[in-house]
Amino acid sequence: MRRTIIALGALMAASTTFSMAQKIEYPRTERVSQVDDYFGKKIADPYRWLEDDTAAHTEAWVKAQNALTNTYFSGIPFRDKIKKRLTALWDYPKNSAPQKEGEYYLTYKNNGLQNQSVLFVQKGLNGKAEVLLDPNKLSNDGTIALQATAFSKKQQYFAYAVSASGSDWQEIYIMDFSSRKLLNERLEYVKFTGISWAGDDGFYYSGYEKPKNEATKFSAKTEFQKIFYHKIGTAQSADILIYEDKDHPLRYVGASLTEDERFLVLGISEGTDGSEIKVKDLRNPSAKNFITLVPGFATNASVIDHIDGKLLVQTNDGAPNYKVVMMDPANLQSEPKIIIPEQHEKLEGVSTGGGKIFASYLRRACTNVVQYGTDGTLERKIELPGLGTASGFGCYKQDDFFFYTFTSYVYPPTVYKYDIKTGRSTLFKKSEVQFNPEDYETKQVFFPSKDGSKVSMFMTYKKGIKLDGTNPTLLYGYGGFNISLTPAFSVANMVFLENGGVYCVANLRGGGEYGEDWHKGGMLENKQNVFDDFISAAEFLIEEKYTNPRRLAIRGGSNGGLLVAACMTQRPELFAVAIPQVGVLDMLRYHKFTVGWGWAVEYGSSDQKDQFEYLIRYSPLHNVKKETCYPATLITTADHDDRVVPAHSFKFAATLQAASHDCPNPLLIRIDSKAGHGAGKPTSKLIEEAADIWSFVLYNMRVKL
């Protein structure tokens, strides 16, 4: 059999067409003698140098890896066909649900293939829609994206934050709404922020000091988040420091105002689980400091609104599925009054509007919304179009209607208008995607995990599927951080479904679909349960003859990238393809970069011996075995990912390639430029990435198109 070897020096110009059985020679990755001591256990880290993502030798390595990966893609005969089909599917008008601000309505629109959606404004529902802000004009390649936006109280000003190249770092700009001209004010070094206006005079936001080293701001640990107040007409240097905690550098803090602007609310956390709430009554001259409404950090809580001097709060204190209580900030010793007691289903979110409370529950991982009076009186269960995900419930107190969006796996995002008084939903804007949902179906199944726990999974496929064990199948999961995977339409997935694919989403422990107990069942020392759930999902699909190991792919991003990498290293024979995207893959050092420290409440930290012991057992980077044939693997990351730094993916790719030996399966890494963790990625990059991923998946499943 012919053996093709691509030398490192020839990678830049290589145009070789790959056959399925070729042996790939990977770029040489230098090994160093770095060894760390964890409680007496010596752990080698030979690719530590790849953590320096701005160094010349790291950039050369990235260039060589991308050249190899691009050459591989060029050898997939149907890659261009898939990209062309994806482009056609993507090319349809998209509209968000309108958001009411005074007399005006804001709507995001995309004519089909615009890199970023354009923000339109109109006066009244029948007014002429005009462009308020077009992010596509902020860059030549669509890599600047809108983030937080907010009108001032009387719509005199419009503030917005933008991020560049997918970074978490943002800048805030302010527009005079009547003239549409920008003020000469730009706020820098902002990250994870909202914009909370106090009248039309200024706003609160979360910010940081200027990074000490600009060159390392995308990888250095981010510390000491603060709350500032920016007054219109002043420079950022004059911004008022509202809150800081000099004793705890590793805490997040966000600020918001109640709708009537009476209470300033601080949400503080030491990570992604557990919160503390401090409030200040801005109308009380004697209230000089914040008071602690909810002490941290054993529970999760959030302030919903202010009603008659008391604060409406969603909390899981003594209620794993959450409840709503009324708390009196003037009498912290008083027992909170239960407004909406805990239910059997998880209370996913709570909002207010028109003098009502809207509670969004998860029932078998699908949205169910209930309307209550502010005293907790049940008024109605809102009828939704079907089983799926609904979002957008809520408006200002004086309003009597709002718009929400409903979607499911075979139900493209559709906008409905909801009348609060009658409880009626009417169709407002239907999706124009060229797709016939009648050709497909979704069903939910339950299967036992390794320890007997029941796990749910959604499966979507063409009607009339044959259970002969040969269907190309992709299994997607996340399983962490209390995040719920609920049904949602994805135009990118249509290429896979059109070609006979079975698309599966498993609701694993660690997620938020079934309440706090479900979340805790997959965090810290219980993290292995998440991988067991995912592996059990794969075994279920094989046993029920949907597919077989040669036609089964797994995919996940961020914490889901950890999931995929852990499962492929634990059960490599079970999968044909693995796609770990922007994954947390070095579980011993993740907390040393950017905001990774905030995940220790979910994962644990290698700085503690007991937690190190379970982290080392599943850390993907440290569980790659020599001379093991791993599934065809496409690792994806990006040069501006300052959430999960690309070093995770770099080191994992190098380790996999070094261990590959004679395995014919490709072990590649795709490193995007001017992109980050995923948010704000332009349409052109989304299509390119989807074309590469689906081509890689189908090609390595031996599917002929």
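The values are calculated or read from the model by the stated rules, or taken from the named source; none is laboratory data. Since the model is a prediction, treat every value here as computed from it, not as a measurement. With ideal geometry, Cβ positions are generated from the backbone for all residues, glycine too; neighbour counts draw on all protein chains shown.
Residues in segment 234-252: is at least one at pLDDT 95 or above, closer than 22 Å to residue 146 by Cα and crowded, with 17+ Cβ neighbours inside 10 Å?
Scanning segment 234-252 turns up no residue that is at pLDDT 95 or above, closer than 22 Å to residue 146 by Cα and crowded, with 17+ Cβ neighbours inside 10 Å.
Taking the stated definitions as given, is residue 128 under 30 Å from the mean Cα position of the chain (by Cα) and either exposed (fewer than 14 other Cβ atoms within 10 Å of the Cβ) or in the same structural domain as residue 684 (by TED's automatic domain parsing) (or both)? Can you show your working first?
On the way: under 30 Å from the mean Cα position of the chain (by Cα): no; either exposed (fewer than 14 other Cβ atoms within 10 Å of the Cβ) or in the same structural domain as residue 684 (by TED's automatic domain parsing) (or both): yes.
Spelling it out, it is not the case that residue 128 is under 30 Å from the mean Cα position of the chain (by Cα) and either exposed (fewer than 14 other Cβ atoms within 10 Å of the Cβ) or in the same structural domain as residue 684 (by TED's automatic domain parsing) (or both).
Go through segment 204-240 and report how many residues are assigned to a helix (DSSP H, G or I) and either without any contact (Cβ under 8 Å) to a residue 24 or more places away in the chain or small (Gly, Ala, Ser) (or both). Lay out the reasoning, then the answer.
Of the residues in segment 204-240, the ones assigned to a helix (DSSP H, G or I) are 214-216, 236-238.
The next check asks that each one be either without any contact (Cβ under 8 Å) to a residue 24 or more places away in the chain or small (Gly, Ala, Ser) (or both); those that pass are 214-215, 237-238.
Number of matching residues: 4.
Kindly establish whether residue 138 is surrounded by fewer than 17 Cβ atoms within 10 Å (Cβ to Cβ) and either under 23 Å from residue 676 (Cα atoms) or hydrophobic (A, V, I, L, M, F, W, C) (or both). Explain how you work it out, then say what you get.
Values: surrounded by fewer than 17 Cβ atoms within 10 Å (Cβ to Cβ): yes; either under 23 Å from residue 676 (Cα atoms) or hydrophobic (A, V, I, L, M, F, W, C) (or both): yes.
Criteria met by residue 138.
Residue 320 versus (1) part of a loop (DSSP other than H, G, I, E, B); (2) farther than 20 Å from residue 274 by Cα; (3) not acidic (Asp, Glu): which is the lone unmet condition?
With (1) part of a loop (DSSP other than H, G, I, E, B); (2) farther than 20 Å from residue 274 by Cα; (3) not acidic (Asp, Glu) applied to residue 320, the lone miss is (2).
Find all pairs meeting these conditions: Cβ atoms under 7 angstrom apart; at least six residues apart or on different chains; first residue within segment 517-531 and in the same structural domain as residue 450 (by TED's automatic domain parsing) and within 17 Å of residue 450 (Cβ to Cβ); second residue hydrophobic (A, V, I, L, M, F, W, C) and modelled with pLDDT of 95 or more.
The qualifying pairs are 522/508; 522/530; 530/508; 530/563; 531/563; 531/566; 531/567.
Output yes when any residue across segment 458-467 is of a type outside the set (Gly, Ala, Ser), within 22 Å of the chain's Cα centre (by Cα) and in a helix (DSSP H, G or I), and no when none is.
No, because not a single residue in segment 458-467 is of a type outside the set (Gly, Ala, Ser), within 22 Å of the chain's Cα centre (by Cα) and in a helix (DSSP H, G or I).
Which one of 91, 52, 37 is charged (D, E, K, R) and either surrounded by 17 or more Cβ atoms within 10 Å (Cβ to Cβ) or within 28 Å of residue 501 (Cβ to Cβ) (or both)? I'd like the intermediate steps shown before the answer.
Numbers: 52 fails: either surrounded by 17 or more Cβ atoms within 10 Å (Cβ to Cβ) or within 28 Å of residue 501 (Cβ to Cβ) (or both); 37 fails: either surrounded by 17 or more Cβ atoms within 10 Å (Cβ to Cβ) or within 28 Å of residue 501 (Cβ to Cβ) (or both).
Among 91, 52, 37, only 91 is charged (D, E, K, R) and either surrounded by 17 or more Cβ atoms within 10 Å (Cβ to Cβ) or within 28 Å of residue 501 (Cβ to Cβ) (or both).
Please determine whether any residue of segment 428-443 is farther than 27 Å from residue 391 by Cβ and touching a helix residue (DSSP H, G or I) at 6+ places or on another chain (Cβ under 7 Å).
No: zero hits.
Pick from segment 326-348 the residues that are under 22 Å from residue 484 (Cβ atoms) and hydrophobic (A, V, I, L, M, F, W, C): which of them is surrounded by the fewest Cβ atoms within 10 Å (Cβ to Cβ)? Step through it out loud before you land on a result.
Our first condition is that a residue be under 22 Å from residue 484 (Cβ atoms); within segment 326-348, this holds for 340-348.
Within this subset, residues satisfying the condition of being hydrophobic (A, V, I, L, M, F, W, C) are 340, 347.
Numbers: 340: 20, 347: 23.
In this case the residue turns out to be 340.
Restricting to segment 326-352, give me the number of residues that are in a strand (DSSP E or B) and either at positive phi or among the hydrophobic types (A, V, I, L, M, F, W, C) (or both). Write out each step before concluding.
Step one: filter segment 326-352 for residues in a strand (DSSP E or B), giving 326-327, 337-340, 346-352.
Applying the additional criterion that residues be either at positive phi or among the hydrophobic types (A, V, I, L, M, F, W, C) (or both) yields 326-327, 338-340, 347, 350.
Total meeting the criteria: 7.
Can you tell me which residues in segment 300-313 are out of contact with any Phe, Trp or Tyr (no Cβ under 6 Å at 6 or more places or on another chain) and either assigned to a strand (DSSP E or B) or touching a residue at least 24 places away in the same chain (Cβ under 8 Å) (or both)?
Step one: list which residues in segment 300-313 are out of contact with any Phe, Trp or Tyr (no Cβ under 6 Å at 6 or more places or on another chain), which gives 300-305, 307-313.
The answer is 300, 301, 302, 303, 304, 305, 307, 310, 311, 312, 313.
Keeping to segment 175-232, report how many residues are touching a strand residue (DSSP E or B) at 6+ places or on another chain (Cβ under 8 Å) and surrounded by fewer than 16 Cβ atoms within 10 Å (Cβ to Cβ). Can you show your working first?
Initially, segment 175-232 is screened for residues touching a strand residue (DSSP E or B) at 6+ places or on another chain (Cβ under 8 Å), giving 175-177, 180-183, 185-198, 200-211, 225-232.
Now drop any that are not surrounded by fewer than 16 Cβ atoms within 10 Å (Cβ to Cβ), which leaves 176, 180-183, 186, 188-189, 200-201, 209-211, 231.
Count: 14.
Please list, ordered by residue number, the strands (runs of 3 or more DSSP E) wholly in segment 563-676 having 1 or more residues that are modelled with pLDDT under 95 and of a type in the set (Gly, Ala, Ser). Steps first, answer last, please.
Numbers: elements: 577-581, 632-638, 667-672.
In segment 563-676, the matching strands (runs of 3 or more DSSP E) lie at 632-638.
Can you tell me which condition residue 112 does not meet? The list is (1) assigned to a helix (DSSP H, G or I); (2) surrounded by fewer than 18 Cβ atoms within 10 Å (Cβ to Cβ); (3) under 23 Å from the mean Cα position of the chain (by Cα), and all the others hold.
(1)
Among the listed residues 194, 166, identify the single one that is on the phi > 0 side of the Ramachandran plot and not hydrophobic (A, V, I, L, M, F, W, C).
Working: 194 fails: on the phi > 0 side of the Ramachandran plot.
Residue meeting the stated conditions: 166.
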